1. Quick one: count up the residues across the stretch B:41-78 that are within 16 Å of ligand 3 (Cβ to nearest atom), surrounded by fewer than 22 Cβ atoms within 10 Å (Cβ to Cβ) and of a type in the set (A, V, I, L, M).
2. From the residues in the stretch B:208-236 that are surrounded by fewer than 20 Cβ atoms within 10 Å (Cβ to Cβ) and touching a residue at least 60 places away in the same chain (Cβ under 8 Å), which one is nearest to ligand 1 (Cβ to nearest atom)?
3. Out of A:THR122, A:THR150, I need the residue that is surrounded by fewer than 24 Cβ atoms within 10 Å (Cβ to Cβ), within 12 Å of the chain's Cα centre (by Cα) and not in a strand (DSSP E or B). Which one?
4. Identify, from the list B:LEU102, B:LEU142, the residue that is near ligand 1 (Cβ under 8 Å from one of its atoms) and aliphatic (A, V, I, L, M).
5. Report yes if some residue within the stretch B:45-63 is within 16 Å of ligand 2 (Cβ to nearest atom), among the basic types (Lys, Arg) and in contact with a Phe, Trp or Tyr (Cβ under 8 Å, 6 or more places away or on another chain); otherwise report no.
6. For the stretch A:19-45, enumerate the residues that are part of a helix (DSSP H, G or I), more than 14 Å from chain B (Cβ to nearest Cβ) and either among the hydrophobic types (A, V, I, L, M, F, W, C) or surrounded by fewer than 20 Cβ atoms within 10 Å (Cβ to Cβ) (or both).
7. Condition first: over 18 Å from the mean Cα position of the chain (by Cα), within 16 Å of ligand 3 (Cβ to nearest atom) and hydroxyl-bearing (Ser, Thr, Tyr). Can you find one or more residues in the stretch B:115-138 that meet it?
Amino acid sequence: MALELIKGNIAIAEAAMRAGLISYFGYPITPQTELLEHLSARMPELGRAFVQAESELGAINMVYGAACTGLRTMTSSSSPGVSLMQEGLSYISGTELPVVIVDVVRGGPGLGNIAPSQADYTQLVHGGGHGEYHLIVLAPASVQEAVDLTGMAFDIAEKYRMVVCLLLDGSLGQMMEPVELPEFKPVRTTPPAWAVGSPDSKERVVMTSINIDPPTQERFNVKMMTRWQEVEKNEVRYKGYYLEDAEYVVVGFGTAGRIALSAVRAAREQGLKIGLLRPISLSPFPTKAVDELADRVKGFLVVEMSNGQMLDDITSIVARRVPVEFYGRMGGMVPYPDEIASAINDLVQGEHDVDVDARGKWLAKMRELVGTGE
Amino acid sequence: MTETDVKVVYKRPLGFTDRTTHYCPGCTHGVAHRLIAEVLEEMGELKNTIGVAPVGCAVFAYNYFNFDFVEAAHGRAPAMATGIKRTLPTKTVFTYQGDGDLASMGMGEIIAAAARGEQITVIFINNTNYGMTGGQMAPTTLPGQKTSSSPLGRDVETQGYPIRTAELLATLDGAAYVARRTLHDVRGIRLAKRAIRTAFEVQKQGLGFSMVELLSICPTNWGMNTENSRNWLAEHMLPYYPVGDYKVSTAVSEMKIGGN
Ligand SMILES: Cc1ncc(C[n+]2csc(CCOP(=O)(O)OP(=O)(O)O)c2C)c(N)n1
Ligand code: SF4
Ligand SMILES: [Mg+2]
């Protein structure tokens with residue numbers, strides 16, 4: 001199939017339809033809106049459901065209802081909208097339903113701006129809604145990878161009956177790149193036996209997140225956590241670049257990982273033995289890969305478009321075996337490769353102190369670089 | 001009288017499970033449940049219906065109806081029902097919601113669903129308080145009415161005025177049928193059943209959004225016995241919330257109802 005030049009948001013919308021999306025519910029917000037706009041035309045064309053909801057609360061609860069039928073459904077938004085969806089994500093998780101959501105992250109907090117950011121890592125990876133639950137979070141670094149992960153997201157969501165979230169920063173949503181779209185998959189239109197409205201269920205079906213009896217709720221949570229162990233076993237994804245002989249490793253996901261790759265390549269050209277680990281599944285996190293590297297490399301540099309939300313995870317895995325340094329840009333700012341290159345140099349030439357306060361050091365640098373506006 | 005003359009005039013509706021409800025004695029939630037079950041049975045829709053339960057005293061409604069059910073987050077039932085109905089348009093989908101759920105927490109969702117002309121039916125229980133959480137003030141609490149969070153009586157200067165939901169929704173073009181009925185006496189209950197039937201027929205015939213508001217009693221939180229509760233409803237609620245049809249679209253007025 002020929003490559004087409006497509007914007008990230010539209011490519012994801014098209015990929016979802018080709019994966020058999022039956023219903024979409026969403027609310028406009030930059031930098032995600034083209035996804036909704038594209039589906040507003042395409043879904044009715046194919047006789048599928050599209051509703052522009054009254055709010056992201058409405059959208060996620062429509063998705064909740066649609067998911068109770070077991071048929072493929074999704075929503076998309078950007079950070080402020082995803083904050084509103086946290087209620088629904090907790091309920092959907094507590095009802096064990098397959099749902100795909102897309103978060104095209106923008107600068108925050110608050111209304112912030114519409115520029116690219118990765119600062120929704122914590123709210124998606126470590127939960128944002130109440131109670132014990134996990135989302136599967138996938139972070140593409142190119143439009144093609146976003147397309148491929150979209151199709152896979154629906155399969156994984158159904159396999160585990162969980163929410164799968166695609167986390168991409170605003171630049172990936174807006175960027176045009178050549179992609180190969182998948183073929184249309186056959187669409188399932190009859191609910192499976194476990195869902196409401198199914199002709200195949202033997203008994204009536206009730207879908208609820210209530211377990212009013214605490215021992216029952218605890219048993220349910222044990223079941224969910226056991227399922228999560230399965231996910232951790234089967235669904236970890238990452239890409240390694242130049243890791244075999246690496247003495248220092250840069251860790252970055254999505255666009256930050258992609259920019260870091262340029263910096264790593266430049267460092268290699270200078271003869272520095274630098275590798276890159278780019279987590280694709282942020283949840284489950286590639287813990288083992290980081291753990292093994294921590295036994296053989298001299299240090300890590302974490303690069304993010306946030307204040308170091310993944311940094312905390314890396315720090316806890318590395319557990320003071322080697323130093324972990326940090327470089328990040330916040331509030332919708334994107335790092336340049338030479339900023340990362342300079343952070344790589346600092347790491348290599350630095351003091352190798354495992355007790356380094358990476359965030360504090362970085363923040364002091366940021367105060368000098370950009371100031372506090374006061 | 002021979003045995004063949006024995007006629008069953010009152011039985012458990014087929015739409016019920018054999019569970020005993022958890023509602024307080026005298027509570028009209030049970031009456032509303034029964035009317036829904038009877039109507040769906042008479043329409044032959046029991047196997048084709050998906051209910052959406054609220055957060056409120058009726059949170060466990062799905063234990064008492066024996067067809068497919070989902071349980072929504074507080075106030076979000078109309079959005080959830082939208083998701084189901086749009087995915088499975090041939091199903092009969094209804095929400096069952098209290099006044100805190102629908103008119104406070106979920107006002108956005110209900111207005112939007114009605115405005116979209118969503119092909120769902122809403123059964124709305126107005127008992128002027130938050131029954132489940134212990135009788136706090138609701139958007140429907142009457143001026144001067146004492147509740148556990150308006151202990152001196154609802155002061156409209158600081159706590160505002162009650163919302164007349166049926167009248168409000170009737171202004172929306174997407175709403176095809178909006179009615180208010182009362183469950184405080186037998187005549188009211190009979191009329192309520194007819195309205196519920198009409199509401200479900202509206203959905204079945206694809207005529208738009210339908211809602212029946214049911215004036216209900218909450219003896220426990222009102223601190224009255226059942227009889228006094230019924231009298232209180234008649235005396236205080238009926239004048240503020242008059243029963244009637246607030247919206248009957250042209251298509252609905254021309255609609256033919258099969259059976260009864
Ligand atoms: C988000 C959220 N806020 C608050 C509650 C607590 N809560 C449970 S039921 C309820 C009020 C229900 O009142 P109503 O809808 O009038 O139903 P009733 O019990 O009177 O039938 C509240 C506030 C909740 N479950 N979820
Ligand atoms: S608290 Fe009120 S509404 Fe709830 S079951 Fe008891 S009487 Fe009914
Ligand atoms: Mg109430």
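The values are calculated or read from the model by the stated rules, or taken from the named source; none is laboratory data. A quick note: this is a predicted structure, and the numbers were derived from the prediction, not measured. FYI the Cβ positions are ideal-geometry reconstructions off the backbone, even for glycines, and counts take in every protein chain you see.
1. To start, the set of residues in the stretch B:41-78 that are within 16 Å of ligand 3 (Cβ to nearest atom) comprises B:53-61, B:72, B:74-75, B:77.
The next check asks that each one be surrounded by fewer than 22 Cβ atoms within 10 Å (Cβ to Cβ); those that pass are B:59-60, B:74.
From the residues that got through so far, the ones that are of a type in the set (A, V, I, L, M) too are B:59.
Final tally of qualifying residues: 1.
2. First, the residues of the stretch B:208-236 that are surrounded by fewer than 20 Cβ atoms within 10 Å (Cβ to Cβ): B:220, B:223-228, B:231-232, B:234-236.
Then keep just the ones that are touching a residue at least 60 places away in the same chain (Cβ under 8 Å); that gives B:220, B:225-226, B:236.
Details: B:THR220: 10, B:ASN225: 18, B:THR226: 16, B:HIS236: 17 Å.
Checked the stretch B:208-236; the qualifying residue nearest to ligand 1 (Cβ to nearest atom) is B:THR220.
3. Details: A:THR150 fails: surrounded by fewer than 24 Cβ atoms within 10 Å (Cβ to Cβ).
Going through A:THR122, A:THR150 in turn, the sole match is A:THR122.
4. On the way: B:LEU142 fails: near ligand 1 (Cβ under 8 Å from one of its atoms).
Checking each option against the conditions leaves just B:LEU102.
5. Just the residues of the stretch B:45-63 that are within 16 Å of ligand 2 (Cβ to nearest atom), to begin with: B:53-63.
Next, from what is left, pick out any that are among the basic types (Lys, Arg): none.
Scanning the stretch B:45-63 turns up no residue that is within 16 Å of ligand 2 (Cβ to nearest atom), among the basic types (Lys, Arg) and in contact with a Phe, Trp or Tyr (Cβ under 8 Å, 6 or more places away or on another chain).
6. In the first step, residues of the stretch A:19-45 are kept if they are part of a helix (DSSP H, G or I); the result is A:33-45.
Then keep just the ones that are more than 14 Å from chain B (Cβ to nearest Cβ); that gives A:33-38, A:41-42, A:45.
Result: A:THR33, A:LEU35, A:LEU36, A:GLU37, A:ALA41, A:ARG42, A:GLU45.
7. yes
Rundown of residues vs (1) within 14 Å of chain B (Cβ to nearest Cβ); (2) of a type in the set (Gly, Ala, Ser), yes/no style:
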site	(1), (2)
A:SER171	no, yes
A:GLU180	no, no
A:PHE184	no, no
A:THR189	yes, no
A:ALA195	yes, yes
A:SER209	yes, yes
A:PRO215	no, no
A:ASN221	no, no
A:TRP228	no, no
